[in-house]
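*Asks:* First the structure, which I've put down as structure tokens, then a few questions once you've had a look.
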Amino acid sequence: MAFKFAVINPLLHNELRLKIMVALDSLDSADFVYLCDITDSTRGNLSVQIKTLQEAGYLEVNKTGLGRLSHTVCRITSLGHQALRAYEQGLRRMFAEGVPDEEGNQKKQNQK
């Protein structure tokens, strides 16, 4: 059987989207301004990435108020938790297993 790397979710393999997901994974919820601050993102970019994650079913977004007085709160969904765990496991698997040589022999990690 030919070697294949673990499948990595391309939606989560984006720095800002990953930061959003990791933050919300450890919090019950977070408002837009807080996410903007901790991710060091612009409001426009954060908004686009939150919408992408929401459309994928990974986030719930609740807005209250109108215009400049609106308040946006994000929460990760169970699907989002599952996707993040799978992404983490895929990365861990890649690092742990490495790549076999041409004969299919696995080399030990960190040997030099």
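*Asks:* Over all directions, average the projected area of the Cα convex hull of the chain and note it in nm². Kindly include the intermediate steps, with their values, before the conclusion.
*Replies:* On the way: hull surface 37.0 nm².
Directional mean of the projected Cα hull area for the chain stands at 9.3 nm².
*Asks:* Considering the Cα trace of the stretch 17-70, what is its radius of gyration and what is Dmax, both in angstroms?
*Replies:* My reading of the Cα-based Rg and Dmax gives 10.8, 29 Å.
*Asks:* For the chain, with all protein chains present and a 1.4 Å probe, just round the carbon and sulfur fraction of the accessible area to a whole percent.
*Replies:* Working: 4160 of 7950 Å².
Accessible surface attributable to carbon and sulfur in the chain totals 52 percent.
*Asks:* Find the accessible area per residue for the chain; the probe is 1.4 Å, ligands and nucleic acids are left out, and the unit is Å². Kindly include the intermediate steps, with their values, before the conclusion.
*Replies:* Details: 7950 Å² over 112 residues.
I get 71 Å² per residue for this part.
The values are calculated or read from the model by the stated rules, or taken from the named source; none is laboratory data. The shown structure was predicted, so the numbers you read here are calculated from the model rather than taken from an experiment. Side chains are part of the model used for accessible areas, which takes the heavy atoms of the whole protein and leaves out ligands, DNA and RNA. Shrake-Rupley method; radii C 1.70, N 1.55, O 1.52, S 1.80 Å.
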